[in-house]
1. Name the single residue that is modelled with the highest pLDDT among those in region 254-309 being assigned to a helix (DSSP H, G or I) and among the basic types (K, R).
2. How many residues are loosely packed, with under 14 Cβ neighbours inside 10 Å and among the β-branched types (V, I, T) when one looks only at region 1-55?
3. Which condition number in (1) open to solvent by 70 Å² or more (accessible area, probe 1.4 Å); (2) under 15 Å from W175 (Cα atoms); (3) in a helix (DSSP H, G or I); (4) in contact (Cβ under 8 Å) with a residue 40 or more places away in the chain is the one that R241 fails?
4. Of all residues in region 257-286, how many are open to solvent by 30 Å² or more (accessible area, probe 1.4 Å) and without any contact (Cβ under 8 Å) to a residue 24 or more places away in the chain?
5. Can P145 be described as surrounded by fewer than 20 Cβ atoms within 10 Å (Cβ to Cβ), touching a strand residue (DSSP E or B) at 6+ places or on another chain (Cβ under 8 Å) and within 23 Å of F78 (Cα to Cα)?
6. Kindly check whether there is at least one residue in region 161-178 that is more than 14 Å from the ligand (Cβ to nearest atom) and without any contact (Cβ under 8 Å) to a residue 12 or more places away in the chain.
7. Can you tell me which condition A148 does not meet? The list is (1) over 14 Å from the mean Cα position of the chain (by Cα); (2) within 13 Å of the ligand (Cβ to nearest atom); (3) hydrophobic (A, V, I, L, M, F, W, C), and all the others hold.
8. Quick check on my filter: what residues within region 196-208 are over 15 Å from E105 (Cα atoms) and more than 8 Å from the ligand (Cβ to nearest atom)?
Amino acid sequence: MKAAILKILKEHTGSYVSGESLSARLAISRAAVWKHIQALRRAGYEIDSQPHAGYRLRSVPDALTPEAIKSGLQTTCFGQEIHYYHEVSSTNTVAKTAAAAGAPEGTVIIAETQQAGKGRLGRAWYSPADSGIWLSIILRPRLEPRDAPQLTFLTAVAAVRAIKEVAGCTVQIKWPNDLLIAGRKLAGIFTEMSSELGLINYLVIGIGINVNLATAALPADLKETATSLQRETGQKQDRARLVQQLLLEMEHLYHELQTEGFARIREEWLSYTQLIGRWVKVTSLKGELEGKVVDISADGALILALADGTRQTIVAGDVSLRGRDRTYGLF
Ligand code: BTN
């Protein structure tokens with residue numbers, strides 16, 4: 001109900017909405033409207049009230065609470081259920097527990113800070129308080145486990161689109177799923193899966209986006225290699241708005257994947273990587289390899305043509321561009 005009241009107040013930003021019309025639209029008493037307004041004020045929303053005019057939203061807190069996200073959310077499934085935490089170990093870990101206990105598809109776990117944020121290849125993910133988007137979403141796709149990487153690719157495409165729409169920034173994808181601006185890492189995706197033979201039980205897709213991290217606040221080892229939307233645009237970005245857009249883009253693409261398949265999404269993903277035909281160095285469990293990228297397979301592996309004419313398929317690793325290309329910062 002708080003989210004519904006907020007949604008109406010946001011639709012009328014700058015003007016008053018009467019208690020009477022709120023109570024009529026939401027089919028609750030005026031006393032109940034007042035109770036919810038008080039609760040919103042306690043949560044940090046500044047709401048003016050005038051005896052004959054009603055309520056006017058003056059400012060919203062910078063928080064990713066369920067009401068902040070839901071009050072502008074246009075999805076029908078993704079983010080309809082949100083578990084919000086000030087602090088967690090890792091939203092992926094919490095999401096896996098919730099998924100195993102039967103949480104429905106589209107459930108979002110989101111936190112203001114993570115004490116043990118996880119990245120790919122066993123790395124840590126720096127997740128300071130109140131400045132980024134650290135969220136995990138539970139999906140239960142009707143796909144073979146080998147096709148699970150398609151969901152990570154889809155998430156990267158959704159994030160590129162959402163960041164462009166909300167912050168106006170053009171983002172590149174570095175295989176497999178790092179999001180970069182001018183060679184610096186802005187966001188990462190870490191997918192975990194529970195599966196049986198031929199069947200996905202659930203996927204947890206974790207995404208971290210550096211939104212309002214000031215460069216000065218970054219740890220020394222990240223100052224050169226990482227960036228944030230605030231650093232790139234010179235202004236603070238609306239985190240809740242970005243979560244809303246990300247979930248909307250993801251839901252659209254998820255629907256497209258289930259109805260039309262992966263081909264078009266793959267093409268869009270490829271257009272953001274500009275990788276095909278370029279010489280790269282890949283650091284993987286197999287060691288270091290150099291070669292020309294000839295393709296990305298349907299299950300997300302990088303296919304390299306080596307100088308000796310042989311081909312290598314690489315499932316996990318880090319890529320840097322070689323030759324006259326600039327080298328991407330590696331994490
Ligand atoms: C990477 O680039 O290695 C992936 C980073 C993924 C970080 C996100 S933040 C939300 C979710 N919870 C985690 O512990 N990790 C992911």
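1. Kept after step one, since they are assigned to a helix (DSSP H, G or I), are these residues of region 254-309: 254-260, 263-273.
Filter once more, so that each one left must be among the basic types (K, R): 264, 266.
Details: R264: 94, R266: 91.
Of everything passing the filter in region 254-309, R264 is modelled with the highest pLDDT.
2. Number of matching residues: 1.
3. (2)
4. Count: 8.
5. Numbers: surrounded by fewer than 20 Cβ atoms within 10 Å (Cβ to Cβ): yes; touching a strand residue (DSSP E or B) at 6+ places or on another chain (Cβ under 8 Å): yes; within 23 Å of F78 (Cα to Cα): yes.
Yes: the conditions hold for P145.
6. Scanning region 161-178 turns up at least one residue that is more than 14 Å from the ligand (Cβ to nearest atom) and without any contact (Cβ under 8 Å) to a residue 12 or more places away in the chain.
7. For A148, the exception is condition (2).
8. Going residue by residue through region 196-208, those that are over 15 Å from E105 (Cα atoms) are 196-199, 207-208.
Residues satisfying the conditions are E196, L197, G198, L199.
The values are calculated or read from the model by the stated rules, or taken from the named source; none is laboratory data. These figures come from a predicted structure and were not determined experimentally. Positions of Cβ are backbone-derived with ideal geometry, glycine not excepted, and every protein chain shown enters the neighbour counts. Surface areas here come from the heavy atoms of the whole protein model, side chains and all, with no ligands, DNA or RNA. Shrake-Rupley method; radii C 1.70, N 1.55, O 1.52, S 1.80 Å.
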